[in-house]
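Report on one structure; see the data block that follows.
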Amino acid sequence: MEDAGKHPGRDLTAGPPSVLSRFAVVLLDMNGTLLFGGDRFGPEQDYVATYRALGGRRLAAGVVQGTIAACYETMGAIYEDPARCDSFPQVLETLRELPAGRDLPEAELQLLERVIAAHELGRIPDAYARAITRLAAAHRLGLVANILSRKGPWLEEFARAGVLHCFATTVFSSDGSSIKPSRKLFDRAVTALAVPRAEVVFVGDSLRCDIGGATAAGLATVWIDRAGHGRQAGDPQPSFVVRDLLELVG
Ligand SMILES: [Mg+2]
């Protein structure tokens, strides 16, 4: 925990796991917080194998590999641009507008969209599924997640892990055109839960997207500093710091 005295009116001196006990609602980030192993993008990735596994036949290997790489690179650059956090594009739209994608048939673009989702999806480990279940016994839970693809495969993964019912609301960035740190996503979750902001804490692993965004939305925050490297000068200031979600649940 850092700078415990910076939030007047609330005693932030107690460490985890008691940190969460003072909040009725816990909003959770997804990737790197409770779901891992996603975002398998890069030159070493065999997008062609995924395309063929999904039934793709028409496109040459180089076209598949190059188009997916260009799409991920384009969306990645927009993701890092703070000016674009409320005008973030959809995968299919991005594929259509790429020079490499312009002449491809719609059915092929939709297959490539599924290839991207397959490489983006991670998994909720059993220990984290148990932690979410324990958290849900004492708090109302919400999810506020940044993803490029449409949310279907993630909802299926939450159901597989047995935790979908634990969340009173789920906000996925790809439902609209905003991504964290846009406060619109945090506001959407708070509005859906109809709860005073003082009763809400946000837990996430990205200082820029989670801690910066949630703080701007008037929420207390827990930063998951997975690498243990701490903050740099100028980084957003979390209310609390832990190394792992499991630490918070006890
Ligand atoms: Mg994250």
Legend entry - Sequence-distant residues sharing a close amide H with Val171 (under 5 Å, placed H): Leu143, Val144, Ala145
Inset, instruction - Using the Karplus curve 6.51 cos²θ - 1.76 cosθ + 1.60 with θ = phi - 60°, work out ³J(HN,Hα) for each residue of the range 79-86 in order, rounded to whole Hz, and write x for Gly and Pro. - result: 4, 7, 8, x, 6, 9, 6, 10
Inset, instruction - Would you grab the residues whose amide H sits under 5 Å from the one on Phe41? Only those 5+ places off in sequence or on another chain, please, with H modelled 1.01 Å from N. - result: none
Legend entry - Principal axis box of the range 47-120, alpha-carbon based, largest edge first, Å: 38, 23, 17
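Nothing charged except the Cβ atoms of Lys and Arg (+1) and of Asp and Glu (-1): what's the magnitude of the dipole of the range 28-159 about its Cα centre? Round to the nearest 20 debye. Provide the component values of the computation, followed by the final result.
Numbers: 14 positive and 18 negative charges, 97 e Å.
Dipole size: approximately 460 debye.
What are the semi-axes of the equivalent ellipsoid for the range 83-178, taken as the square roots of 5 times the Cα gyration tensor eigenvalues, largest first, in whole Å?
Listed largest to smallest, the semi-axes of the range 83-178 are 31, 15, 9 Å.
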Legend entry - Per residue, the convex hull volume that the Cα atoms of the chain enclose (Å³): 129
Inset, instruction - Please give the net charge around Pro125, taking every other residue with its beta carbon less than 14 angstrom from that of Pro125, where Lys and Arg add +1 and Asp and Glu add -1. - result: +1
Legend entry - Positive minus negative residues near Gly218 (Lys, Arg vs Asp, Glu; Cβ under 11 Å): +1
Legend entry - For the range 103-112, Karplus couplings with θ = phi - 60° (6.51, -1.76, 1.60), whole Hz, Gly/Pro x: 9, 7, x, 4, 4, 6, 4, 5, 5, 5
Legend entry - Distance between modelled label sites at Arg197 and Ser18, nm, 7 Å Cα→Cβ extension: 2.7
Inset, instruction - Give me the distance between the Cα centres of the range 161-239 and the range 28-78, rounded to whole Å. - result: 26
Inset, instruction - Please give the contour-minus-distance gain from Ala168 to Arg134: 0.36 nm per residue of separation, less the Cα-Cα distance, rounded to one decimal in nm. - result: 10.8 nm
Legend entry - Which of Leu111, Tyr47, Ala194, positive extreme of dipole for the chain (C-beta unit charges): Ala194
Inset, instruction - Mind putting a number on the dipole of the chain about its Cα centre? Charges go on the C-beta only, +1 for Lys and Arg and -1 for Asp and Glu, and I need it in Debye to the nearest 20. - result: 540
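No lab work stands behind these numbers, since they all come straight from the coordinates. Just so it is clear, the structure is predicted and the values come from calculations on it, not from any experiment. When we count neighbours, we look across all protein chains shown, and the Cβ atoms used for this are built from the backbone with ideal geometry, even at glycine.
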